[in-house]
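Structure first, then comments.
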Amino acid sequence: MKALADDLRETAASLAHDAPAHLPPPELRERVLSRIRAEAGTATPVSTATAAAPSVAVPVQAGGRNILPWALAAGFAITTASLWMERGTLQQDRLALIQEAKEARERDAFAKMKIATLSSQVEAYAKATAVIVWDPDKQHGVVKLTHVPPPGDGKDYQLWVIDPKYAAPVNGGLVPVNAEGIARVSFSPDQPISKADKFAISVEPAGGVPKATGPIVLLGGN
């Protein structure tokens, strides 16, 4: 857009110079010569050589009238292009600011999140991996398990959040595992969490329990 505006400005500046010249009408030459003869007081015909080069400057006004509409049109085009360029720039700046603000919010949110890796507490879970991402502002998290053996008949895995504010771990809900030993579950604890110091996964009776009773098989913090 800037290149377009510059090009239009140059075009407007050159219009006056590029306009075609307008020759004076033939009768004007005869009127000028007649006046010269009258002032000289002689009826002697003016030679062709003398008449061919009269030292009379004849202003050409018709060209100026023809240039004006083109100059106005060019000026309008320049103004329009400049306005569109400014509008486009403002729109781009607005989108850039929105994107920057979005990225900043995402960075701030990610910086506040707690990422915990749980380690095995029982030999049978040595190959298991467990990662928890916890968002303290939203009081919401995601737990992902891999290579976890089945909990056993009539059993379920249950997640617990250990907050120093509470005497007992806070229930985070059940963590169902598929046949491949994989789980990905979103959770929200039963009670508000001030500080998620640690996370634990235990084996509990099917359907879960309000307080941990079974063995803790995975445990960890940040």
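Tabulated results
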quantity: First in the range 122-140 and over 17 Å from Tyr157 (Cα atoms), second anywhere and outside any loop (DSSP other than H, G, I, E, B) and open to solvent by 50 Å² or more (accessible area, probe 1.4 Å), Cβ under 9 Å, 6 or more apart; calculated: Val133/Ile115; Val133/Lys144; Trp134/Ile115; Trp134/His140; Asp135/Lys112; Pro136/Lys112; Asp137/Lys112; His140/Ser186
quantity: Filtered residue count, the range 179-188, keeping only those that are open to solvent by less than 20 Å² (accessible area, probe 1.4 Å) and in a loop (DSSP other than H, G, I, E, B); calculated: 1
quantity: Leading residue by the ranking (farthest from Ala124 (Cα to Cα)) among those in the range 189-222 that are hydrophobic (A, V, I, L, M, F, W, C) and assigned to a strand (DSSP E or B); calculated: Phe199
quantity: Number of the condition not met by Asp197 [criteria: (1) under 13 Å from Leu219 (Cα atoms); (2) of a type outside the set (A, V, I, L, M, F, W, C); (3) open to solvent by 90 Å² or more (accessible area, probe 1.4 Å)]; calculated: (3)
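Conditions (1) surrounded by 12 or more Cβ atoms within 10 Å (Cβ to Cβ); (2) closer than 16 Å to Pro210 by Cβ, marked per residue:
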residue	(1), (2)
Ala126	no, no
Val131	yes, no
Lys144	yes, no
Leu159	yes, yes
Val170	yes, yes
Val177	yes, no
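The values are calculated or read from the model by the stated rules, or taken from the named source; none is laboratory data. Remember, it's a predicted structure, so these values are computed and weren't measured experimentally. No Cβ is skipped: glycine too gets one built from the backbone with ideal geometry, and neighbour counts run over all protein chains shown. Surface areas here come from the heavy atoms of the whole protein model, side chains and all, with no ligands, DNA or RNA. Shrake-Rupley method; radii C 1.70, N 1.55, O 1.52, S 1.80 Å.
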